[in-house]
Structures are given as C-alpha cells and as structure tokens.
1. Once phi is turned into θ = phi - 60°, what whole-Hz ³J(HN,Hα) does the Karplus curve with 6.51, -1.76 and 1.60 give for every residue of the stretch A:29-37, x standing for Gly and Pro?
2. Relative contact order, percent, of chain B when contacts are C-alpha pairs under 8 Å separated by at least 6 residues?
3. Please rank A:PHE229, A:PHE125, fewest neighbouring Cβ atoms within 10 Å first, as an exposure proxy.
4. Lys/Arg Cβ at +1, Asp/Glu Cβ at -1, dipole of the stretch A:3-213 taken about the Cα centre: which of A:VAL209, A:ALA69, A:LEU107 is farthest positive-ward?
5. Taking amide H positions as placed in the peptide plane 1.01 Å from N, state which residues far from B:ASN223 in sequence (5 or more) or on other chains have amide H under 5 Å from it.
6. Report the gain in length on full extension from B:LYS116 to B:GLU234: 0.36 nm times residue separation, minus Cα-Cα distance, nm rounded to one decimal.
7. So if I place +1 on the C-beta of Lys and Arg and -1 on the C-beta of Asp and Glu, and nothing else carries charge, what would the dipole magnitude of chain B be about its Cα centre? I want it in debye, nearest 20.
8. Can you tell me the FRET efficiency between A:ILE256 and B:ASP140 if r is taken as the Cβ-Cβ distance and R0 is 45 Å, rounded to the nearest 0.05?
Amino acid sequence: MNIMTLVNALPGSVAQGLIWGILAIGVYITYKILDFADLTVDGSLGTGGAVAVVLIVNGVPVPLAIVCAFLAGCLAGLVTGLLNTLLGIPGILAGILTQLALYSINLDIMGQANTAINVDKYPLFMSLRFIPMTILKGVIVVALLIAVLYWFFGTEYGFTIRATGCNSNMARAQGINTKKSTVIALILSNGLVGLAGGLLAQYQGNADVNMGRGAIVIGLAAVIIGEVFGELILGKHLNFSGRLAFTAIGAIIYFIVIQIVLWLGLSTQNTKLFSAIVVAVFLAVPYIKRASKNSFRAAAKKSAGNVNEKGGSENA
Amino acid sequence: MLEINCIKKTFNAGTINEKKALNGVTLKLEEGDFCTVIGGNGSGKSTTLNAVAGVWPVDSGSIKIGGVDVTGLCEHKRAKYLGRVFQDPMTGTTATMEIQENLALAARRGQSRSLKWGITKQEREEYHELLKMLDLGLEDRMTSKVGLLSGGQRQALTLLMATLKKPHVLLLDEHTAALDPKTAAKVLELSDKIISENKLTALMVTHNMHDAIVHGNKIVMMNNGRIIFEASGEEKKKLTVEDLLKKFEEDGGASTINDSMILG
Ligand SMILES: Nc1ncnc2c1ncn2[C@@H]1O[C@H](COP(=O)(O)OP(=O)(O)O)[C@@H](O)[C@H]1O
Ligand SMILES: [Mg+2]
C-alpha cells in the first residue's frame, strides 16, 4: 500500500465529488426542502448523460448539449411530479416508475448500453484527462448553482416550495397550489441531476445505461455527510447557501472516503455495499441518539435508581 | 358575508365507515358578525369550517363568501377569502421558515407568486411593528425559525398571519384548545381584539360554553351534523350555560357533552 497511489488519486475524487455534488444539491431540493424521497434520480442521471453524449457525438455544440441534459432531467422530474400530483401515486413509487421507464428510454436515446465519447475528438467541458481544469470548472459551476438557488429559494416562488415541503396544509391555507410547487421542485431537482449526468458522462468519457444505479444513495450520503460537517464547522451560522455548499463538500468527502477504502483493499464491486452501509449508519445515528435519551430502558434504570435512593434514605 | 346553504357531507360513503358528518347546515353571517360555534365531540364543527375552507368538496348545498359562490373552488383558490387558525399550533405555520418569512407567505395569500423577493425590506419593518402588538417579544426574533416558538406563540403568530391580509371570513377552529389556560385566555383576548379592531367577520369554534357566550354577537350550537340552536344580539347576551345545556338535552345531544365544555 503506497500512500502515493492514494494521494495521486485524490484530485480525481475531488473532481468526481464536485460533479456528484450537483446531483446531491438536486437531491437536497427534494429530500430536504420538499420532503420527498425522489428515486427518479437513478434514471435521470443516465438520461442527462445519454442526451449529452449522443448530442455531442452528433455534432451539437457542447454547451447546448449540456443545456439539453438539464432539460431532459427536468422532463423526467415533470413525469414523476405528474404521476404523484395528478394521478395520486405515492412519491416513492412515482419515482421508481419513472426511474424504470427511464432505463428503457436511456437505451433508446443511445441505441446501445454504452456510448463512448473521446475528449480528443470533441471539445468536452470536462474530462478525467484534465483533472485540475475539471476541478476549477466544477467549483465554478457549483458556486453558480448555489448562487442561483439561493436567489430562487428567496423568491415568492421559492417560498411556496419551502412551505409546501414543511407544511402543505399551511401552504394551501395561504393560497399556495401545493401540487404545482411539488412538480416545480421535482423538475428543478431532476434538471440538476440531468446536468450532473451530462457532465459526468463527459468526465468519464462515456454515457452508460447503468451510470445512475444507486445515484440516490450517493446523493443522500452527500446531503447527510454535508449536513453533519456543516453543523460541526459552522453550527448556528449554517445558512441556506452554506447548506448547499456543504452538500457539495459532502459529495467530495464521500468520494475521498471511497478512494481511501479502495486503497485499503475494498474491491470495486463492493463500493455500493459500502455506500449503502454508510448512508444507513448516518441515517440511523440521529435516531439512535434520540432513542437512547428517550428509551423505556433508560426510564426503567432511572426509576430503579430512585427507588434505591429512597430506600437508602429510609434506612438511614 | 358568509352564506352556507344546506351543505351536506358524508365521509367514506358506501363503506362500513360511512359517516354523515353534515346533514344540511345552513348559516348566514353578515359583515362584521362574530359567530361562535359549540357542540359535542364529532358534531360537525370542524367539518363545517373545513367545508367553508374547501378542504374537500361538499356533497350538496352551496357556500358563498362575500357574494361569490365558492362551492366549486379548491382549497388554495378559496384561500384568498379566508384567514384560518387551527386547533393544532403546528398546523398554521411553517416550522422551518423564519417568523418574518411566515408572515410574508401570509401577506401574499391569494396573490399569484412570482420571482420577486419573497420578503422585502419594507415588509420587515411593517412586521416588526405588527409583532410588537402581540407583546410576546417576537419582534426581536423575526429571523428565528418558527419551530423554536411555543404553542401559544405559534397560535398568536398564526392569528396575525390569518388577518395580515384582511380576510372576508376568519375561521378559528378551537384555536386555544391545545394551550394552557393562561395562554389560551391571552390568545382568545388577542383574537377578540383583532376581530373587533378590524371589524372582521369570524366563525369561531370553541369547546367552552362560557367563551361561546361571552365572545361574539352570534352563537350556533351543533349536534349530529346539524345546527340545532342559533341566537344573536340581545337574545345571545342573555344566554347562560344552563340554557345551552338544556338545548342540548332537548336534542338528545347531552351525552356528547363533557365537563371541560362546561367548566372550561
Ligand atoms: N376527513 C374525514 N374523514 C372521515 N371522517 C371524518 C373526516 N372529518 C371528520 N370526520 C368525521 O365527521 C364527524 C364530525 O367531525 P368533526 O367535524 O371533526 O367534529 P367536531 O365537531 O368535534 O369538530 C366525526 O365523526 C368525524 O370522525
Ligand atoms: Mg373539531
């Protein structure tokens, strides 16, 4: 185990983390703001990748292809949103349905399971062959997105989404069309996921029908890790833009950790197992913390303690 | 201002859980009327208010607010006519948003929302003054998340939000029932003050017969999804708790009454 192999691999983890950070920010919008566990993500990431790669290969300018990846993601979010609000399908199921449908659609878009794209032939926006440039551009894109989202969620429109996510009864009583705000949030979120897919495909040099498998778990991991670190470092001063920034940082930390465990000898095929365990642990910790403070066993112990004390004083 | 015309509502029709919650409720409120609603548990008080708010469509009958027939409008479209405060202090506000942001949401009730800032500087100053009126010190915590407030503070804030933009009708559904007696009295007093100062038309459900007699200029009593007694003006002022109990007995509703309604 040569430490240098790890050190050399870290810039790549940062670059990857930044791209997945865009996805994680999308997940933050649904999971944290809208309170909607949206599994569309596993499909819309691939859609963004497929759309971007196929368009670029067919001669469409790269920036335009990236915009189209974003829009394709938006469309996926729209479908989930309509399944949920118009047809009354529960959120998780609506996401799963769209995700499944997208698997076929992604194959249709590419006409094959994997489409390669060569950075030597096309002026790609980012690539693992140019990692420093990718990191620089990744930071700029993430910063721009955070600025735009900070603005958006501060607008009247953004307020309606936040209110819908937290208390839809209250939102409706304030005249907010909660179905509409749900759909808009899903569109926005999956748009970002599509964008992440478009960038990720360029970065790794191909779009693959399986590239989104487990993406939601990585997104959640980033959100949760980011939250833990954000609160640890900034505490009370962690505002909305800080939370978004830490979500992207969470994604970077996630990929660095993955790199480290790979270096320590975890096999590549087990990274998804590792991710699932990490997310399960992070999700469970707050619950267990609360439960241990508020458990029957603790109550029984305290009650037993009181009886003993009383008994003791009586004897004295 | 509010015309409820023979509305009926059956929940879970055709199942073993079928429940006729409203059996033809008719009620008319003039502008400035403050009507209290009493009745036993399950008599249809909340259901009546929910029908007005459009939580679901009624089976038959009609509802007019300020002359507009709103029977066919869904909840968020009706919101522009209504201010609402709920029994559960959690329901009326958004916990994860700031006090001032909650007020800003309420200030735009019934307006189409755009990409303008959700709250302006001028609004902040206005809200500061309004919150002072509550006398709860909330004016110094405008950027605190509402989730940090106590139940009473949240109800007071909800009341302010419900009346920030003058509603055609203010709906109060046992909005003090979840509060401790002292806080409940304070919130009720505040409600009275806001209603009279703004000359609001209000419909207030209360669990407490004494409160129902003391507040407002009109009272209705419900049982089994119907209004079984109605009084206003001088007639209402003369009512006593005993009178109301007798009315209940006459209608066979006495069993739905519990001590808290009498004792407060
Ligand atoms: N959404 C609903 N679905 C089914 N039953 C309901 C619903 N809302 C109210 N009910 C029933 O209608 C009856 C009247 O309820 P409600 O109006 O809440 O009574 P209260 O007078 O105590 O406010 C009760 O039997 C209640 O269980
Ligand atoms: Mg009720």
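1. Karplus values, whole Hz, x for Gly and Pro: 4, 7, 5, 8, 8, 8, 6, 9, 7.
2. 26 percent
3. Fewest-to-most Cβ neighbours within 10 Å comes out as A:PHE229, A:PHE125.
4. A:ALA69
5. Those lying under 5 Å, H to H, from B:ASN223 are B:ILE228.
6. 37.5 nm
7. 860 debye
8. 0.55
Here, each number is a calculation from the coordinates, and none is a lab measurement. All values reported here derive from a predicted model rather than from experimental measurement. Cβ: placed from backbone, ideal geometry, glycine included. Neighbour counts: every protein chain shown.
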